[in-house]
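Every read-out reported here was derived from the displayed coordinates using simple, explicitly stated rules and does not represent laboratory data. None of these values were measured; they are calculated from a predicted model. Positions of Cβ are backbone-derived with ideal geometry, glycine not excepted, and every protein chain shown enters the neighbour counts.
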Amino acid sequence: MQAKVVVVGSLNMDLVTRASRLPQPGETVVGSGFATVPGGKGANQAVAAARLGAPTAMVGCVGDDAYGVQLRQALLDEGIDCQAVDAVPGVSSGVALIVVDDASQNAIVIVAGGNGEVTPQRVSAADALLQQAEVIVCQLEVPAQTVAFALKRGRELGKTVILNPAPASAPLPADWFAHIDYLIPNESEALALTGIAVDSLAGAQQAAAWLLARGARKVIITLGAQGSLFADGAGFEHFAAPKVQAVDTTAAGDTFVGAFAAALSRGESERAAIAFGQVAAALSVTRAGAQPSIPTQADVAGFARP
Ligand code: RIB
């Protein structure tokens, strides 16, 4: 299999519970149920790309523990090329502690574990995969110097380069913009990158304009139930999201990114890819968990817009 989408990023075991609301600082709330679910923004995006039709490879690291075996197997079960997913001795696998509330919103704490071992050298060792790819996808759950390396290498190879700047706590290094084709933050990430509140379409336009002015080529700000805003040098376009009954929004953004990458990798236009990603993301929020919630190509094809 020649991977068309290569994801350089994280794998986490998600430790998930539900509670009526998210705890305040210093507060204990009672959760209901507990599940361990394969996740991690990188792995979720790889699963989305694979389920949505793209031959996909993952570059990442797990620990040498039981979670690592399960996380790798979850990707292999999707037909994802894991030759560049290393199990690092003496390290725990990445984990994410997730609480989902009654409004289907979540709060997440991640512990990097093996994701901290994804070095530029490991990406370089996977260069044959990058060379074969059409689309290279990165997020921010692995070390920043590794993300910088993968973005730069993707640009050198002439690939379509996507950065999902998640999680984001500060502006991006200025020299990254030249290497990125599509920058895809959500509202809170756009605020962290720009300092501009994205609580309306006008705010999203301002934030996107700020990012374009810093050198971003194309920006897609995902807006949850409000859809997404696409921006490039030619202007802005709002894509409304399909209306669905949300159960759990975990991995909705990852589903959008993976679906968008898959669609681009088979030559679809960026507008068709955004529409495809939005349907896939909408379907993902109707189901619980990260990777279990990600739809297939048949699910997306069968979705009737209300
Ligand atoms: O985007 C959702 C993901 O964020 C979860 O699967 C969790 O692992 C964290 O990385």
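List of remarks:
- Rounded to the nearest 0.05, the FRET efficiency derived from the C-beta distance between Q131 and A209 at R0 = 30 Å is 0.30.
- In the chain, helices alone account for a calculated mean residue ellipticity at 222 nm of -10000 deg cm²/dmol, with every DSSP H run of four or more residues adding -39,500 (n - 2.57).
- Taking θ as phi - 60° and the Karplus parameters 6.51, -1.76 and 1.60, the scalar couplings of the range 243-259 work out to 7, 9, 8, 7, 10, 7, 8, 4, 6, 5, x, 5, 4, 4, 5, x, 5 Hz in sequence order, x denoting glycine and proline.
- Divide the volume of the convex hull around the Cα atoms of the range 80-221 by the residue count and you get 128 Å³ per residue.
- Tail weight of P(r) past 16 Å, computed on alpha-carbon pairs of the range 226-306, percent: 49 percent
- Relative contact order of the range 103-176, taken over Cα pairs closer than 8 Å and 6 or more residues apart, is 31 percent.
- Annotation: lysines with alpha-carbon distance below 24 angstrom to K159 (same-chain offsets under eight excluded): K4, K41, K218.
- Debye log10 I(q)/I(0) for the range 148-306, one point scatterer per Cα, at q = 0.10 Å⁻¹: -0.34
- R0 of 30 Å, Cβ-Cβ distance Q83-R266: FRET efficiency to nearest 0.05: 0.85
- Rounded to the nearest 20 debye, the dipole magnitude of the range 90-194 is 400 debye, with +1 charges on Lys and Arg beta carbons, -1 on Asp and Glu beta carbons, and the Cα centre as origin.
- Close amide H pairs (under 5 Å, H built 1.01 Å from N) link E141 with S10, residues at least 5 positions away or on another chain.
- Difference of contour (0.36 nm per residue) and Cα-Cα distance, L201 to A35: 56.2 nm
- Alpha-carbon geometry of the range 80-127: the Rg and the Dmax are 14.8, 44 Å, given in that order.
- Calculated FRET efficiency, Q2 to L97, Cβ-Cβ distance, R0 = 25 Å: about 0.10 to the nearest 0.05.
- Using only alpha-carbon positions in the range 1-108, the gyration tensor eigenvalues give semi-axes of 29, 16, 10 Å once each is multiplied by 5 and square-rooted (largest first).
- Using alpha carbons only, the radius of gyration of the range 16-66 set against its Kirkwood radius gives Rg/Rh = 1.14.
- Cubic angstrom per residue, convex hull over Cα atoms of the chain: 126 Å³
- Percentage relative contact order, the range 33-83, counting C-alpha pairs under 8 Å, at least six apart: 41 percent
- Cβ crowding within 10 Å averaged over residues, with 40-52, 278-290, 228-240, 151-163 ranked highest first: 40-52, 278-290, 151-163, 228-240
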